[in-house]
Amino acid sequence: MLEIKNLHVKLEEEDKQILKGVNLTVEAGKVHAIMGPNGSGKSTLSYVLSGRDGYEVTEGSATLEGEDLLEAEPEERAAAGLFLAFQYPVEIPGVGNMTFLRTALNAQRKARGEDEISATDFLKLVREKAKTLKIDAEMLKRPVNVGFSGGEKKRNEILQMAVLEPKMCILDETDSGLDVDAMKLVSDGVNALRDEGRGFLVITHYQRLLDHIKPDVVHIMANGRIIKTGGPELALEVEKNGYADILAEEA
Amino acid sequence: MQSPKVALRARKDEATEARLATLTLPETGGWLDGLRADALSRVRAMALPGPRDEYWKWTRPETLISPEVTPAALFHDDEPPMFDEVDRLKIVFTAGKFDAEASDDFALEGLTIERLAEAGATDLHWARDLYGTLETNGQTPVERPLAALNTAFATDGVLIRVTGKVSKPVSLIYRRESEASEAILHHVVKVEQGGEMTLLENGPAAARFNKVLEVEVADEATFHHVRTQARDHERRAVTHIFARLGRESVFKSFTVTMNGVLTRNDCVIELTGDDAVAHVAGAALGDGDFHHDDTVFVTHDAVNCESRQVFKKVLRNGAVGVFQGKILVKEGAQKTDGYQISQSLLLDDDSQFLAKPELEIYADDVACSHGSTSGAIDETALFYLRSRGVPTDQATNLLTLAFLAEALDEIDSEELSGLILARLEGWLERRRG
Ligand SMILES: Nc1ncnc2c1ncn2[C@@H]1O[C@H](COP(=O)(O)OP(=O)(O)OP(=O)(O)O)[C@@H](O)[C@H]1O
Ligand SMILES: [Mg+2]
C-alpha cells in the first residue's frame, strides 16, 4: 500500500536534515505504529507524505499503491486515498464543518471521475458517522474546529476519515488530548475502518492507544530514521523502559 | 506672489468652474429651485475635491470631477439581473432617467413614492425639509462637495415616505445605455415613527454615476438597505449616504461591490435619538484595475446607541482598497457601543489596502473598538483543505468566502444574503485558475 524508501528530507528554508533515510512499508490490511522521542521526525514524515510546503526531499521515494506520491499535489494525494489526521487540527473560521466535509468529499469524487454525492445522501452519511463518534449536530454546524476542545478536534479528524474512506490513513498523535472515553470512541472509529484494503500508520507516544488499536507492526523512529521494527511487544517495552535501551542498542 | 495655499485654492476653483460649466440646473421648479441654488453656492464655497485634499489622499478625485466623462465600455452581464427573484416594487432608471415602462406602479401599502423630477411642483413638506438637509449637515466636520454638487444638479430620484411596515422591498435599478454617459440621482427616504422598509439598489446607471441617498429614520423606525454596485469594469461611481437616526430606530446598510475602476462610497450617519442602532457594512472584490474607497463617519450624539462598521475587501492583481472610518462620540453620548473593523485579503503582492480607522471620544462611559488588518490567505488552512482533497483554487475561494462571512452576516434577510453569496461565489469562480 504505502512504500517509503530511503527517504531523506531537509527543511526548505534552512540547511537542516530531518529525515535521514526512512524505510517503511505498510501493507494493505495492516496497522503499523510509529513511536519515538519528541523531535525524531514523525510529524515531518506525515507532512511530507501528505504534501505540505516547506520540505525538500533530497533522496528516496514514497509511493501509494505503486504511484509516486512526492510529485503529486496534496489534493491529488488525498484523491488517491491518502489521509492524515493532524497532530494539530486546523481551525478555519467562517467555513462550516458540513460545507468543508461535503466540499472535500465531492472534490475527491470528482478527481476520481465519480458523481457528486446528493445532499440527502451526504447528510445521512455524516449523521451516521457522527453518531458513532458522539459528535453532535451542533458541532457539525460550527466552523471547522473553531472553539472545539482538543479532544473534539481529534474526533473531528476521525469523522473526516470515516466520511472520506481513504485507503491509507496516517494518524499523528490522534490519542493525545483524549480522555479515556474519547480514546475508546476514536479507537472504535479506527477499528471500524480496518479492512483488507486499507492501511494504517499510527503515530503515538503511548501504549494505551495500541491496547485499543492493535498494531501488526511497531516501528521506533529516532533522529530521522526507523531504528527498530518489531511486533506489538516493542510498544510494551517502550512503555516500560523508555527509549534509552533501544537508542543505546542502535549506537 | 500667491501663497501656495491661495494658488491651490485657485486651481480648485478653476476645476470647479470647469465642471460647473458642463452642467445646467434642472428645471424642476417650485421648492426645489431654492434648494438647488443653495447647494450650488455651497459647491462654490467648498470647491470640488482636489488631489491635495486630506480626505482624498488615497483616492484621486480628478476623473470624478472632470468636465468630460471618461467613457466606460458597456458590460455584458452573463448573470441574471440582481434581485430578480425577489418579490419587490421595481423602479427603473435608464441612463439616469426614470423609465416608466420598465417600472412598477408606485403602489405599495405603507409608503408613498414621488419622483424628484416631478416633486418641485407639489407641496411636499416632508421632502422639502429633508432634501439637501442631511447632506448639508454631513458637510461638517468634513466637506463632501460632490454630494452638494449632486443636490444641486440631480436630475431625478425618488422621494419615499414610509408610514407603515412595508411588506416588500423597493428596488431601484440603474440601467446604462451608452459608453460616455453620466447620471446624477438623489433619493430621499423618510421612515416615520414605527415604519419599516427595505431599499434595494443595483446597476451601473452610467459610465460616471453620482448618487446621494438621504435617509431620516424616525423614532422606533427601521430602514434596511442592500445594494450591489455594477460589475462594469470601467465605470466610476461616487455615492453618499446620509442618515439621521431617531430614538430606538434601526438603520442597516450593506453594499457589495465587484469590479469598477473607481468607487468612492461615503456613508455619514448621525445617531441623534437614544437606543438607536446603525450598522453599515460592505464587501468589495476587485481584480486588476480596481480602486474602491469606503469612507464612513458615524456620530454618536445620544445615549446607549450601537454602531457597527464591518468592511471587507478582497484584492488581486494590483487592486486597491481604501477604508477611512471614524466613530465620533459626542459629549454626553454615554453607553455608546461602537465597533469598527476593516480588513483586506490580499491575494497577491501587487494589491494594496490603505486604512485609516479613527476614534474620537468625548464621553467617558463608552465601549468602542476598532481594528484593521491586511493579510494573505492562511497557508495552514489552505493546506488543511488541500490535504482533504480540495483543489487549491477551490480552497482559496472557500477561505475567501469565509473571510467575507462577517460582513455578509450583517444582512438580516437570509434571502438577500443568500443571493449575494451566490454572486460572490460566481465572481470568485470566474477567477479560478
Ligand atoms: N518547519 C520547521 N522549521 C524548523 N524546524 C522544524 C520544522 N519542522 C520540523 N522541524 C524540526 O524537525 C524535527 C522533527 O520534528 P517533528 O515535528 O517531525 O517531530 P516529532 O517526531 O513529530 O515530534 P513530537 O513527538 O514532539 O510530535 C524537530 O527538531 C523540529 O524542531
Ligand atoms: Mg509530532
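Things to note:
- Residue count, the stretch A:73-106 (criterion: under 12 Å from the mean Cα position of the chain (by Cα) and within 16 Å of ligand 2 (Cβ to nearest atom)): 6
- Inter-residue pairs, beta-carbon under 8 Å, first closer than 12 Å to B:Thr136 by Cβ and in the stretch B:33-50, second open to solvent by 70 Å² or more (accessible area, probe 1.4 Å), 6+ apart: B:Leu35/B:Arg128; B:Met46/B:Glu143
- Just one of the listed residues (A:Ala137, A:Ala182) is touching a residue at least 12 places away in the same chain (Cβ under 8 Å) and closer than 23 Å to A:Leu101 by Cα, and it is A:Ala182.
- Entirely in the stretch A:191-239, the strands (runs of 3 or more DSSP E) that have 2 or more residues that are over 14 Å from A:Pro37 (Cβ atoms) and within 15 Å of ligand 1 (Cβ to nearest atom): A:199-203
- Residue among B:Arg11, B:Arg19 that is more than 30 Å from B:Thr257 (Cα to Cα), assigned to a helix (DSSP H, G or I) and of a type in the set (Lys, Arg): B:Arg11
- A:Met35 vs. criteria in contact (Cβ under 8 Å) with a residue 12 or more places away in the chain, of a type outside the set (Ser, Thr, Tyr) and within 13 Å of ligand 1 (Cβ to nearest atom): yes
- Only one of the listed residues (A:Lys16, A:Lys30) is surrounded by fewer than 19 Cβ atoms within 10 Å (Cβ to Cβ), at pLDDT below 95 and within 11 Å of ligand 1 (Cβ to nearest atom). That residue is A:Lys16.
- All positions within the stretch B:241-252 that are assigned to a strand (DSSP E or B) and buried (at least 24 other Cβ atoms within 10 Å of the Cβ): B:Ile241, B:Phe242, B:Ala243, B:Arg244, B:Leu245, B:Phe251
- Failed item in (1) away from ligand 2 (no atom under 16 Å from the Cβ); (2) open to solvent by 30 Å² or more (accessible area, probe 1.4 Å); (3) away from chain B (no Cβ under 14 Å), with A:Gly39 passing the rest: (1)
- Pick from the stretch A:113-137, criterion in a helix (DSSP H, G or I) and of a type in the set (D, E, K, R), ranking: least open to solvent (accessible area, probe 1.4 Å): A:Lys129
- Of all the listed residues (B:Val69, B:Val92, B:Val86), the sole one being under 30 Å from B:Glu415 (Cβ atoms), assigned to a loop (DSSP other than H, G, I, E, B) and among the aliphatic types (A, V, I, L, M) is B:Val86.
- Unique match (being of a type in the set (Ser, Thr, Tyr), open to solvent by less than 40 Å² (accessible area, probe 1.4 Å) and touching a residue at least 60 places away in the same chain (Cβ under 8 Å)) among B:Thr59, B:Thr70: B:Thr59
- Residues located in the stretch B:160-184, provided they are among the polar types (S, T, N, Q) and either closer than 30 Å to B:Arg19 by Cβ or surrounded by fewer than 16 Cβ atoms within 10 Å (Cβ to Cβ) (or both): B:Ser167, B:Ser178, B:Ser181
- Looking only at the stretch A:60-111, and only at residues there that are within 12 Å of chain B (Cβ to nearest Cβ) and farther than 17 Å from A:Gln160 by Cβ, the one that is most open to solvent (accessible area, probe 1.4 Å): A:Lys110
- Residue list for the stretch A:127-161, filter: among the β-branched types (Val, Ile, Thr) and away from chain B (no Cβ under 14 Å): A:Thr132, A:Ile135
Okay, residues lined up against (1) out of contact with any Cys (no Cβ under 6 Å at 6 or more places or on another chain); (2) within 14 Å of another protein chain (Cβ to nearest Cβ); (3) closer than 30 Å to A:Glu91 by Cβ:
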position: B:Asn304; (1), (2), (3): yes, no, no
position: B:Gly318; (1), (2), (3): yes, no, no
position: B:Tyr339; (1), (2), (3): yes, no, yes
position: B:Ser344; (1), (2), (3): yes, no, yes
position: B:Asp348; (1), (2), (3): yes, no, yes
position: B:Gln352; (1), (2), (3): yes, no, yes
position: B:Thr380; (1), (2), (3): yes, yes, yes
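- Inspection of the stretch B:321-340 finds a residue satisfying the criterion of being modelled with pLDDT of 95 or more, open to solvent by 10 Å² or more (accessible area, probe 1.4 Å), in contact with a strand residue (DSSP E or B) (Cβ under 6 Å, 6 or more places away or on another chain) and closer than 16 Å to B:Ala407 by Cβ.
- When A:Arg52 is tested against (1) open to solvent by 60 Å² or more (accessible area, probe 1.4 Å); (2) touching a residue at least 60 places away in the same chain (Cβ under 8 Å); (3) within 16 Å of ligand 2 (Cβ to nearest atom), only condition (2) is not met.
- Test set (1) open to solvent by less than 20 Å² (accessible area, probe 1.4 Å); (2) within 16 Å of ligand 2 (Cβ to nearest atom); (3) modelled with pLDDT under 95 - A:Leu45 fails condition number: (3)
- Considering the stretch A:161-185, and only residues there that are small (Gly, Ala, Ser) and open to solvent by 20 Å² or more (accessible area, probe 1.4 Å), the residue that is farthest from ligand 2 (Cβ to nearest atom) turns out to be A:Gly177.
- Selected residue [touching a strand residue (DSSP E or B) at 6+ places or on another chain (Cβ under 7 Å), more than 18 Å from B:Ala367 (Cα to Cα) and crowded, with 20+ Cβ neighbours inside 10 Å] from B:His292, B:His300: B:His292
- Any hit, the stretch A:208-226, residues being among the basic types (Lys, Arg), closer than 20 Å to A:Leu45 by Cα and touching a strand residue (DSSP E or B) at 6+ places or on another chain (Cβ under 9 Å): yes
The values are calculated or read from the model by the stated rules, or taken from the named source; none is laboratory data. Please read these numbers as outputs of a predicted model, since none were measured by experiment. As a convention, Cβ positions derive from the backbone with ideal geometry for all residues, glycine included, and neighbour counts pool all protein chains shown. Accessible surface areas use protein heavy atoms only, side chains included; no ligands, DNA or RNA. Shrake-Rupley method; radii C 1.70, N 1.55, O 1.52, S 1.80 Å.
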